[in-house]
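Only the coordinates and a few stated rules stand behind these numbers; no lab work does. Computed from a predicted structure; not experimentally measured. Heads up, the Cβs are rebuilt from the backbone with ideal geometry, glycines too, and the neighbour counts pull from every protein chain shown.
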Amino acid sequence: MNLILLVLILALSIFVIASKDLLHSVIALSGISMLSALLFVLLKAPDVAITEAAVGAGISTVIFVWAIRHTRRREKEES
Amino acid sequence: MMIERTLIFMIFLVGFWAIIANKHIIKKIFGLNIINAAVVLLFILEGSRIGTQAPLLDMQVTNIVDPIPQALMLTAIVISVCVSALALALSVRLFKATGSFDIDVIQERLSHEQ
Amino acid sequence: MKKSNLFSSCKVLVTFFLIAFTLAPILLSSHPWPNEGRDYLFENASNETGASNSVSAIYLGYRAMDTLGETLVLLVSITGTMTILVGLVKKEKSDSPNTFLLTRDKRKSNQLRTHLLEVVSGKLGPIVLLFGFYVMLYGHISPGGGFQGGVILASGIVFLALGNQSEKETKLNNPIVLARIEGFSFLALILASTSGMLMGKGFFGNPLSHISANFIILLNIIIGLKVGTSIASMCIAMMGRSHDD
Amino acid sequence: MNSSNLMFTPIVLPLLGSALILMVKSFSSRKGRIIAEYMGSAIGLLLPLASLFVLYPVVREQGFLQQVVGSWDPSIGIMYRFDGLSFLMILLSQLISIPAWIYSRGRGPKENTFTALFLIQNASIAAISMCSDLFNLFVCLEVMGMTAYVLIASSKKNAAAFASFSYLLFSSTAMVFFLVGTYGLYRITGSLSYAGITTMIPEPNLMSSVCLVLITVSVLLRVAIMPLSFWLVPAHSKAPHAVSAMLSSVLLKIPLFSLVRILSLVSIGSDIGLVVSYAGAFTALFAVLLALSQKDAKQLLAYHSISQIGYITAAWGMALHAGVTSKTGAFLLSVAFFHALYHAMFKALLFLSVGTTTDYANQRNVYILRGANAQLRTSGEKVPITMLCYFVGALSITAIPPFNGFFSKTLLTYALKETMQYTLLTLAGVGTLASFIKLSRIYLPAKPTGQEETKPFPKSIHIALSVLALFCIAGGVFAPQVFNFIKELLASHPEQEQLSFKFFTSSNLLKVLYTSLGGIVLFILAVSKTGTKLLSLLKNLPRSFSDAFFGFAVSIAILVYVLL
């Protein structure tokens, strides 16, 4: 179970880096946080899980989305 | 065990790659978040090896996991979010000033400013 | 141009591999995990601090200094973010009123804020607030604590602000009130941390006695209020309103 | 309240002051805010000095005070240790921050939050100087860094935002590596306090050495010795002047001396010290050459910060190499701190005076700006205090005898005699002189332009500058006493002979003469045609973001390689 979650996190982090759409990246990053929170519950760390879910998946996503909303969503292609 | 550590190591390297090789400043902040998440995962994962129960001390609990890394990581998570919040605010300001997210372009455009 | 590109990508590769090789022995180490700290806490944490959640016992007892530092980081970062935000908002106030809190006719993009959102978040707000207080107050015996509770509190306040149908401000999402609670709780945190010094228990010592969880509960409440109000005021500032000075 | 509680006052009082300011800010009107601001800064800046005064006899008698925060068991709590080194570090930060704050009343950022953040920064510096726990050091460094990023970005210029961003990104990445190092050490030793870690490392193995290297390099990044100094120049030159003065005088040195606490306890600390010492000496030379090639006045000063921190690290590293408890080690460490203290004084003075001048003249290019003093006079300055203070600072940094820089640099090069660093540092001294001749040309008389204004010149600028200039001159006059004061606090042996070194020997004075002549020759060479070409080549070296990380990786790799 741990392994599956870690593989998923790895895949999501590669997606975060590779995606051209910043909003997709943000959602993937928040997915990483949620999956880590799940992993922390499995690893008997409920406090960290709550923090990660509230702070990592909640607040930081809000800030990222705000920043992207105020700038440009797509990464510009090199021209 | 070793596989789990290797996976975390790879997550760390992916994040680090984004920081050093990607020119996009928001992507760099993503990378910073990812390497932080990797270190947090590593601490918690390794700290949980020596026990089987959550560190809530009831009567029937006998074999808890190490609570110290958990307490440390609470702090580390919060600090990483604070850092990325400030970094994002700065990058929005930079974008408004230069109209670009590319770090070299920003550097070049701002170097003409008195 | 091409040559320098090649050179710089070489440098990036070298950086990457150097870091990978130096970190590998640490990240992949299979050295046995130490259990001295765990054993000490298992024996003593509950007796010494009165908190049966041993993570809370460390977070607000044994290593409370870290928590103070963390609160300061949050305070400084939010102050900095707000300063930058206010500067940005002031600049663009005239041209793009795409904020959530403006009155209906001024709002440009209405489709994002449906009636459903307003009703649900308005009704959900008090419940989330209640849950936040629960997490905050029961931090010493169950998972959770001041910080986590504070974040939930903040989201409750934001829900209330979003579901505010009458366009009037309630006390709780008024930035001035939030800033007051924040300033007060920061002062309270510093005073609470020094109170032990006056009672002969040292910095961050429990002024009453060492065996009760009162002090941890107190710190949880203060930190919860501080974190909740500051994050809420940051979110409200992001929606386009701020405590103007 | 007993004295071991008193050691926390340098942390608590600034925090109390900033809490007061933030609270009154949200409750009160404009007038109340200003009163609260002055009260808060009196609490936060002056009272710690008073408590240092009380603590001095205690430190002299007992050597050190230590207490676990919250009086828990030392195996699990956070140990704070107040000794001579922390005393000196807090003294340094207080001595510089008071004039810097006074200056900020005149020109710098005047928002309420500025003072609050400034005080939080002071509290974190005090905490860094005392804490003996790895994770707590991480947290305190983050607090200090965070305040620095915000204070740099408080400038209105967009380039300041970029400087702050690059500092932030670079040092937060390094802090993640610090965390990895903490993880490794906790895994090996099961402890986070310095005492616990050092007793549990029996002999250096691969993992513990790599962890210590990661921690050292991450902290040295904030000290900005050469491969790690990318972030410094934009940050220091674009920040508001009061913040630049603080950054360069205090924030560079505190992490360096806080490293002594852990590195002096582990056996591989001496090897790390040797490598860092060489790096420091090379830094001193290269940075001075880069400074010579700059055209922006504040950037020139920023490169001098790197160069001077190179001097300090050269002595610091040799101190660690000799072992700080040994006699030579203690001497070298006191020399390093001596120069750090004096550098703090004259560099703060230079940043503030040059900053004022370039602001009023509205021109930062040293090739174009001339007659700066006339410009200052037209903007309302009656007595040329700014120019006089600049010259006090410039003569100090170039080590001309009656001023303080002469004493610290002479002692520092004397302490490093018969090593390779000696030659490098002497050469760097020549370069320093040349580049300051270049910078001083901004005060050359020129035809006065513009009309006389009746706007009064802010008094606080003059107060701040005069205080710092007074420090520089008094530091020169009382140099042996100051050095003995530092040495007594840092030495672990109770029986310490007084300093037998004579400053005004003919060889030292001759050396000053040769250095000055060399500086003038170098300056003439630098303004000649080929010299300008070579320097512009140096200036246009590509410096991009990935290079910074390249430097970081290379310095980690070199240290690991040396230790194996």
Just counting partner chain Cβ atoms within 10 Å, what average do the residues of peptide C:147-153 show around their Cβ?
5
Fewest Cβ neighbours within 10 Å first, please rank D:SER506, D:SER264 accordingly.
D:SER506, D:SER264
So if I average 1/r over every pair of distinct C-alpha atoms in the stretch D:276-340 and take the inverse, what Kirkwood radius in Å does that give?
12.0
For the stretch D:319-445, how big is Rg over Rh, using alpha carbon atoms and the Kirkwood form of Rh?
1.10
How large is Rg/Rh for the stretch D:1-159, to two decimals, with Cα atoms and a Kirkwood Rh?
1.00
Hydropathy first: keep DSSP H helices in chain A averaging at least 1.0 on Kyte-Doolittle, then drop any whose Cα extent along the axis falls short of 15 Å, and list what survives.
A:2-18, A:22-42
Contact order normalised by residue count of chain B, Cα under 8 Å, 6+ apart, percent:
24
At what distance in nm do the modelled label points of C:PHE17 and D:LEU537 sit from each other, each positioned 7 Å from its Cα along Cα→Cβ?
3.1
Select from A:VAL16, A:VAL41, A:VAL26 the residue whose mean-square fluctuation is largest in a Gaussian network model of chain A (Cα-Cα springs shorter than 10 Å).
A:VAL41
Once you put a point 7 Å from the Cα of C:ALA24 and another 7 Å from the Cα of C:LEU130, both along the Cβ direction, what distance in nm separates them?
5.7
Across bins of 20 angstrom width beginning at 0, how are the C-alpha pair distances of chain D distributed, in whole percent?
22, 58, 20, 1
Take chain A, drop everything but the C-alpha atoms, weight them equally and run the Debye formula without solvent; then report log10 I(q)/I(0) at 0.11, 0.14, 0.19 Å⁻¹ to two decimals.
-0.32, -0.50, -0.80
Measuring from label point to label point, each 7 Å out along Cα→Cβ, what is the C:LEU88 to B:ARG49 span in nm?
4.3
Of C:HIS115, C:HIS31, D:HIS304, how do they rank once you tally other Cβ atoms within 10 Å and put the fewest first?
C:HIS115, C:HIS31, D:HIS304
Calculate, for C:LEU191 and C:VAL120, the FRET efficiency according to 1/(1 + (r/R0)^6) with r their C-beta to C-beta distance and R0 35 Å; round to the nearest 0.05.
0.30
Does anything in the stretch D:280-316 have its amide N under 16 Å from the 7 Å Cα→Cβ label point of D:THR328, and if so which residues?
D:314-316
Return a whole-number percent for the relative contact order of the stretch A:2-69, with Cα pairs under 8 Å and 6 or more residues apart as the contact set.
31
Translational D in µm²/s for the stretch D:118-257 (Stokes-Einstein at 10 °C, 1.306 mPa s, Kirkwood Rh from C-alpha pairs):
102
Rounded to a whole number, the mean other protein chain Cβ count within 10 angstrom for residues of C:49-61 is 6
Relative contact order (%) - criterion: Cα under 8 Å, at least six apart; region: chain D
15
How much FRET efficiency would the formula 1/(1 + (r/R0)^6) give for B:ASN63 and C:ASN44, where r is the Cβ-Cβ distance and R0 is 22 Å, rounded to 0.05?
0.85
Could you estimate the translational diffusion coefficient of the stretch D:268-527 from the Stokes-Einstein equation, with Rh from the Kirkwood formula over C-alpha pairs, at 25 °C and 0.890 mPa s, in whole µm²/s?
129
Would you mind working out the magnitude of the charge dipole of the protein assembly as shown relative to its Cα centre, with +1 at each Lys and Arg C-beta and -1 at each Asp and Glu C-beta, to the nearest 20 Debye?
3600
When a footprinting reagent is the concern and you count Cβ atoms within 10 Å, what order do D:ILE368, B:ILE25, D:ILE21 take, fewest first?
D:ILE368, B:ILE25, D:ILE21
Based solely on C-alpha atoms, express the radius of gyration and the Dmax of the stretch B:2-110 in angstrom.
18.7, 64
Determine the distance separating the Cα centre of the stretch C:141-160 from the Cα centre of the stretch B:16-81; give it in Å without decimals.
20
In the protein assembly as shown, if every C-alpha pair distance is counted and binned at 20 Å from zero, what percent goes to each bin?
14, 48, 34, 5, 0
Using alpha-carbon coordinates, inclination of helix B:2-21 to the longest axis of chain B, degrees
10
Per-residue ellipticity at 222 nm attributable to helices in the protein assembly as shown (runs of n ≥ 4 DSSP H, -39500 (n - 2.57) apiece, nearest 500 deg cm²/dmol) works out to -24000 deg cm²/dmol
